[in-house]
């Protein structure tokens with residue numbers, strides 16, 4: 001079995017950070033349920049609204065200096081907010097404002113190791129800090145004839161690097 005790579009560790013570190021902050025700040029939907037965070041793109045119908053999805057889209061590795069193979073790696077992270085309302089309650093806007101302020105200072109980067117006895121709970125170890133630069137923070141407009149899950153979607157994209 002392959003060990004988790006940097007991208008998967010980064011996604012899960014962000015998920016852990018967001019789950020912790022959501023519980024700490026009591027970020028709930030209109031029914032009082034904590035907003036769930038998922039790793040990966042929306043590829044099934046097992047979603048409830050509202051929810052947050054995080055995934056690493058791509059990686060850029062620039063040479064640090066001529067004549068070396070040392071690289072400065074940045075990772076494009078996509079954070080999709082799937083809200084159940086646009087205005088009124090302001091769920092999409094409130095979640096995007098809260099989320100961008102929470103991730104602004106970065107988060108702890110963990111490396112995860114699969115635990116054979118409890119595969120759903122991998123062992124994590126502090127391995128640095130994920131710092132970010134914001135790229136986009138905007139509503140995703142897919143038109144009027146879209147599914148309920150995409151009607152009030154918002155996307156935040158950031159470049160992240162590990163220090």
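I'm checking my understanding of the structure. Among residues of segment 110-154 that are in a loop (DSSP other than H, G, I, E, B) and in contact (Cβ under 8 Å) with a residue 24 or more places away in the chain, which one is surrounded by the most Cβ atoms within 10 Å (Cβ to Cβ)?
From segment 110-154, those in a loop (DSSP other than H, G, I, E, B) are 114-122, 141-147, 151-152; that's our starting set.
Among the residues that remain, those that are also in contact (Cβ under 8 Å) with a residue 24 or more places away in the chain are: 114, 122, 151-152.
Values: 114: 13, 122: 15, 151: 19, 152: 22.
Here the residue is 152.
Any idea which residue in segment 71-89 is farthest from residue 109 (Cα to Cα), counting only those that are exposed (fewer than 13 other Cβ atoms within 10 Å of the Cβ) and at pLDDT below 70?
88
Considering only segment 11-29, state which residues are farther than 16 Å from residue 121 by Cα and surrounded by 15 or more Cβ atoms within 10 Å (Cβ to Cβ).
Scanning segment 11-29 gives 18, 21, 22, 27, 29.
The values are calculated or read from the model by the stated rules, or taken from the named source; none is laboratory data. None of the values given here were measured: they were computed from a predicted structure. Cβ atoms come from the backbone with ideal geometry, glycine included; neighbour counts cover every protein chain shown.
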